[in-house]
Amino acid sequence: MKTLYHGTCSVDLASIKKIGLVPGHAKGGDAWAKDHMHQLARNAAKREPSVFVADNEPDAANFARLAAEEMGGDPVIIILHVPDHVFATFHVDELFDSDMTPHAWRAPRVPAACIAAVKPIPKGHSDFEVMSVLSSLMEALRP
């Protein structure tokens, strides 16, 4: 069994608890990349819709804050206990893992039975928002 974390907002929690995490059910990581980060968008366009999870709470918190900003509600982390046979269907998230040790995965879906807990987190700016702003500023300053 593997413990993983999914960042989202409180808006869809009732549905998530009922049907699990389903790609494309709400605006996810690839959709955010397409709207905000051009290089990631080009890479994300080549992938099938996925549910994104991380092995640490800070990464999930970043996505939760983005989700709350985009869709409303409060940012939350869904703590998942994923059995090995379900985890075997996950793929390393190649857009967010550049070293030899994977920290993020994408999955075709995550069953509701894997949800162990929901943890509210404080609102604030995500690291990805800061990166997006810095990337835009750098682009604007290029000759």
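Some points to look at:
- Search result, residues across segment 69-101 that are hydroxyl-bearing (Ser, Thr, Tyr) and modelled with pLDDT of 85 or more: 89
- Taken across segment 29-46, residues that are buried (at least 16 other Cβ atoms within 10 Å of the Cβ) and at pLDDT 60 or above do not occur at all.
The values are calculated or read from the model by the stated rules, or taken from the named source; none is laboratory data. Just so it is clear, the structure is predicted and the values come from calculations on it, not from any experiment. Methodologically, a virtual Cβ is constructed for each residue, glycine included, from the backbone with ideal geometry; neighbour enumeration extends over all protein chains shown.
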